[in-house]
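S.K.: Dropping a structure here in structure tokens format, bear with me for questions.
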Amino acid sequence: MGLVCSIIMIASCYLDGTFSSANQPFKEDIVSEEISLDELIVLSSKLTQIYSSLESKVKFSGDVLCRSQGMEVWYHLDATLSSQDGNKKILIHQYNIHHRKLQERALEKDSHTDLLTGLLNRRGLFDRLQTYRDEKKHFAIFYLDLDGFKMINDSFGHACGDQVLKSVSARLSAHF
């Protein structure tokens with residue numbers, strides 16, 4: 001197994017989110033101009049979670065979507081609350097995990113969809129219905145049977161059958 005290296009980006013900021021210092025990798029990777037913590041973190045709900053965790057546990061650790069050089073990039077962020085010279089500051093260590101996060105999301109999508117048609121598979125359908133139930137959303141389920149489909153596979157081969165399934169799923173997806 002190969003050694004995986006990641007550049008550690010370190011910064012500190014005041015409780016209001018204003019950065020007080022940062023190492024060179026942070027400045028190069030995030031942005032060269034001044035930025036605040038609320039401008040750095042894409043989702044305000046994640047920022048709220050960070051502050052809440054810092055308040056209750058004095059630390060936060062998790063994957064966070066950040067703004068970097070005009071793009072949205074995933075980082076693993078470790079933040080701790082500290083007191084320096086009587087001022088409370090947030091110390092931040094972060095690592096770029098963007099490629100890993102994209103792979104995770106692709107695998108998650110693949111595990112919930114049929115690779116041929118792109119439609120939800122059994123697991124994806126179950127999870128979607130669970131979400132609808134939890135959110136008390138109304139939904140309908142249609143059950144379709146393709147009459148004579150076995151004959152298409154047997155007569156023209158599975159490649160032709162695959163094309164029929166792709167065509168049907170594309171037509172259904174266009175209407176729903």
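The values are calculated or read from the model by the stated rules, or taken from the named source; none is laboratory data. Nothing here was measured: the structure is a model prediction, and the numbers come from that model. Positions of Cβ are generated from backbone atoms using ideal geometry, with glycine treated the same way; all protein chains shown enter the neighbour counts. Only protein heavy atoms, including side chains, enter the accessible area calculation; ligands, DNA and RNA are left aside. Shrake-Rupley method; radii C 1.70, N 1.55, O 1.52, S 1.80 Å.
S.K.: Counting only protein heavy atoms and a 1.4 Å probe, tell me what percentage of the range 87-133's accessible area is made up of carbon and sulfur.
M.R.: Details: 1860 of 3440 Å².
C and S fraction of accessible area: 54 percent.
S.K.: Out of Ile97, Ile50, Ile152, any idea which swings most in a Gaussian network model of the chain, alpha carbons joined below 10 Å?
M.R.: The residue that fluctuates most here is Ile152.
S.K.: Answer rounded, prolate or oblate for the range 85-159, using the Cα gyration tensor with square roots of eigenvalues a ≥ b ≥ c: rounded when a/c is under 1.5, else prolate when a/b is larger than b/c, else oblate.
M.R.: The shape class here is oblate.
S.K.: While we're looking at this one, here's another question. Could you tell me which residue out of Ser111, Gln69, Pro25 lies farthest along the dipole of the chain toward its positive end? Charges go on the beta carbon: Lys and Arg +1, Asp and Glu -1, centred on the Cα centre.
M.R.: Positive-end residue among those listed: Ser111.
S.K.: What is the helix-to-structure angle for 98-112, meaning the angle in degrees between its Cα long axis and the longest Cα principal axis of the chain, kept from 0 to 90 and rounded to the nearest 10?
M.R.: 30
S.K.: Follow-up. If you place +1 on the Cβ of every Lys and Arg and -1 on the Cβ of every Asp and Glu, how big does the dipole about the Cα centre of the chain come out, in debye to the nearest 20? Walk me through the intermediate numbers first.
M.R.: Details: 20 positive and 23 negative charges, 92 e Å.
So the magnitude is around 440 debye.
S.K.: Helix 122-134 sits at what angle to the longest principal axis of the chain, using alpha carbons and giving 0 to 90 degrees rounded to 10?
M.R.: 60
S.K.: Continuing with the same structure: Computed from the coordinates I sent, P(r) over Cα pairs in 5 Å bins from 0, in percent equals one of (i) 1, 7, 11, 14, 12, 10, 9, 8, 8, 7, 5, 4, 2, 1, 0, 0, 0; (ii) 1, 7, 10, 11, 10, 7, 5, 4, 4, 4, 4, 5, 7, 7, 7, 5, 2, 1, 0, 0; (iii) 1, 8, 16, 18, 17, 14, 11, 8, 5, 2, 0, 0. Tell me the label.
M.R.: Evaluating P(r) over Cα pairs in 5 Å bins from 0, in percent on these atoms matches (i).
S.K.: Rounded to the nearest 0.05, what FRET efficiency do Glu55 and Lys101 have when you use their Cβ-Cβ distance and R0 = 30 Å?
M.R.: 0.70
S.K.: What angle do you read, to the nearest 10 degrees and between 0 and 90, between the alpha-carbon axis of helix 158-175 and the longest principal axis of the chain?
M.R.: For helix 158-175, the angle is close to 60 degrees.
S.K.: Separate question: State in Å² the accessible area per residue of the chain; use a 1.4 Å probe, count heavy atoms of protein chains only, and round to the nearest integer. Could the numbers behind the result be given before it?
M.R.: On the way: 12720 Å² over 176 residues.
I get 72 Å² per residue for the chain.
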